[in-house]
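Note sheet for the following structure.
The values are calculated or read from the model by the stated rules, or taken from the named source; none is laboratory data. All values reported here derive from a predicted model rather than from experimental measurement. Positions of Cβ are backbone-derived with ideal geometry, glycine not excepted, and every protein chain shown enters the neighbour counts. Protein only, heavy atoms only, side chains kept; ligands, DNA and RNA dropped before computing areas. Shrake-Rupley method; radii C 1.70, N 1.55, O 1.52, S 1.80 Å.
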Amino acid sequence: MRCSIFYVFLLLISCLVSEALQANEVWPTQKKLTELSSQKYWLALLHMPTATASSEIIDPAFFLSTSTEKTAKAELEASLKSFFISSGEDSNSHSQCRFPARFQWLKTQLPELLAKVPQIQCPLLEQWTDQEQVSSVSAVFASGYLGNPASFYGHILLKFNSSSETKNILQQQSLNFGAAVPEQENPLIYIGKGLFGGYDAMFSHGLFYLNIQSYGEAELRDLWEYKLDLQPEQVRSLSLHAWELIGRNYQYFFLKQNCAFRMAELLELVINAELIDKNQPWAMPVSIFHQLAEVKQQELPLVSEVIQHPSRQQRFHQAYLELPQSTKELVAAMVQHGFSTELQDYRQLPAKQKIKVLELLFDYLEFLRISKHELYSDQAKRKLLKARLALPAATEKTKHTTQAAPHQSHLPSLLQISAVSHQQQAALQLRFRATYYDMLTSDTARVPYSALSMFDLKLRWQGGKLDLHSFDLLHIENMNLSVTGLPADGGYAWKMNLAYKPENLSCWYCQSLQFNAGIGKAAKGHAGLWYFMLDGRLHQDRFNTGVVSTEPRIGLVTDITPWWRSQLEFGYRYYVSDHQQKFVSSKWLNRFGQHKNWDLRLSLETQKETEVGLSFGYYW
């Protein structure tokens, strides 16, 4: 009831203001209003694809127009009228404070008219812009996280950098976008609702420190900060529009209208470049960073600096790898003896080496705490802290080796053409993979020795006929490699695959629906990565094989040179219901080239029969 009275009052005031202003020559004509409301920038502020389309924001509080149909022109008129209304008790609720980006842009378009508006103080807006001290903006990429379907492909957020000397990097404001998902949501329900728009999503803000804690410390994901060389007016426009979007609801779609799509939309408000293909049915965070690295403003690169904020796990691994072998063995012994600092080898170390060992163990203990491992204890932490307090302050600041950045990785989508030879038959194969990488792909800015792909389609042309050969809806494989050999570092290798493909290579037209899951172990040796996996398979019983089979596999992945990665694997397929169908399988796969746009592949596979393939892949 109160809300209705307020809208009636607002409508009455607006009408009075409109009549007063329209009597003045400064008020724009209907033609001018139509022209302004059709401009690209105004439509971008309203998140309307066209002047006649609906906004993609579904939150009623985002609109000032009281008309049922929220058009760009109606919202323009309502915004103009609202700017002339005097402030009430809460000035923060005034339209000049709620929609500062609209207000600033309209002042440039109608300066004479909006010079007459009342001056409104906006305390919350001033707090957001840090009293106009926001001097630059950074786009931040959080690397992929295979523990959560929503984070498989990484994440993007914005950081607003203040020039205030009282704020360090962790105290800067950041902007995030994500779906409002209930805690403990079933993963299958999440995937279903996420694919078909079953969740609302919104922009939220917080200190960058919270992102470091959430992504870098809790989920052990590296953060990559791309500092953008924007002009002051671009920074201000971006900051003001971000303020307008905080807390506004959107409909969320996992594949497209996700964090990548919305952040690209926001950045494109001030960057004259398309950061993501709006016609593509999916949007990926890493694609934005590939594009940002290519954009130039006034003949200068838009990205002025790339900074890695390593996760706790990355810092722990790097510090461990830099230790001499004798010290690595000492660390393992200290862990084995309950993080003891009484071992003779430790006591004989110089103070500088003791500090390195203790700081490494602090990181390892925190890693154990996050992993909820039984080795973690507060007593062990107190023991290390006591030993550290007995030593002098460190004179050297720890340096972290910067790895290759996300924009240096290969692009996420693949189009591949292959020549295939099979038992004296030849075919051309066309492959399309929407996302993302396989075991042969370079490990740049992703989980090492892993595979993650969706919508992987293969078509074969033979004898004047084009046929579907296979379709992998989802393929995930993670070798979960241990870097240090210490407890909880690494774990079981695992695999999951959902596909429609041939049962083996003896028949190209013997496809069946298949679900494949596997578990095993991997270890790094001098030759490369060795692994053993035990797969269990469920499949259609189309060829009297039953619906269950198993396949133990052993293999090696090795980097012969930086541009040549090879995978050799042997397996044994066993059908539970038909022992006669068992067979030995093998494959030798090779990737040549390390360019982010292309590679060459050579494959030799045997599953009852042998197939050889030579492929050229283009990534975009």
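Overall, the accessible surface of the stretch 367-437 at a probe of 1.4 angstrom is composed of carbon and sulfur to the extent of 54 percent. Between the exposed loop cleavage positions of the chain, defined as trypsin sites (Lys or Arg not before Pro) in a non-H, G, I, E, B DSSP state with at most 10 neighbouring beta-carbon atoms within 10 angstrom, the longest gap is 1-371. When the Cα positions of TYR572, VAL547, GLN127 are compared along the charge dipole of the chain, TYR572 comes out farthest toward the positive end, with charges on each C-beta of Lys, Arg, Asp and Glu. Summing charges over all other residues whose Cβ lies under 15 Å from the Cβ of HIS47, with Lys and Arg as +1 and Asp and Glu as -1, gives 0. I'd like the FRET efficiency for ILE169 and VAL548, computed as 1/(1 + (r/R0)^6) with the beta carbon distance as r and R0 of 51 Å, rounded to 0.05. Approximately 0.40, to the nearest 0.05. The stretch between LYS582 and HIS526 holds 16.8 nm of extra length on full extension. This uses 0.36 nm per residue minus the Cα-Cα distance.
For the stretch 487-620, with all protein chains present and a 1.4 Å probe, just round the carbon and sulfur fraction of the accessible area to a whole percent.
Working: 4460 of 6750 Å².
Taking all protein chains in place, the stretch 487-620 shows 66 percent carbon and sulfur surface.
Distant-in-sequence amide contacts of ASN249, defined by a placed amide H-H separation under 5 Å and a gap of 5 or more residues or a different chain, comprise ILE58, ASP59.
The charge dipole of the stretch 137-228, taken about its Cα centre with unit charges on the Cβ of Lys, Arg, Asp and Glu (plus for the first two, minus for the last two), comes to roughly 200 debye.
Using a 1.4 Å probe on the protein chains only, how many percent of the accessible area of the stretch 95-242 belongs to carbon and sulfur?
Taking all protein chains in place, the stretch 95-242 shows 52 percent carbon and sulfur surface.
Mind checking the dipole of the chain: about its Cα centre, +1 per Lys or Arg Cβ, -1 per Asp or Glu Cβ, Debye to the nearest 20?
980 debye
Among the GluC sites (Glu not before Pro) in the stretch 75-130, those located in a DSSP loop and surrounded by at most 13 other Cβ atoms within 10 Å of their own Cβ are GLU89. Find out how many positive minus negative residues lie around VAL181, taking Lys and Arg as positive, Asp and Glu as negative, among other residues whose Cβ is under 12 Å from that of VAL181. Net local charge, VAL181 excluded: -2. Setting aside same-chain residues fewer than 8 positions from LYS296, which aspartates and glutamates have a Cα under 20 Å from its Cα? Partners found: GLU225, ASP229, GLU233, GLU265, GLU268, GLU274, ASP277, GLU305. Neighbours of PHE339 by Cβ distance under 9 Å: Lys/Arg scored +1, Asp/Glu scored -1, total +2. For the chain, the per residue solvent-accessible surface stands at 49 Å², with DNA, RNA and ligands left out and a 1.4 Å probe.
Spin-label model, SER340 to GLU35: label points 7 Å out along the Cα-to-beta-carbon direction sit 8.5 nm apart. A Cα-only calculation for the chain places Rg and Dmax at 29.3, 93 Å.
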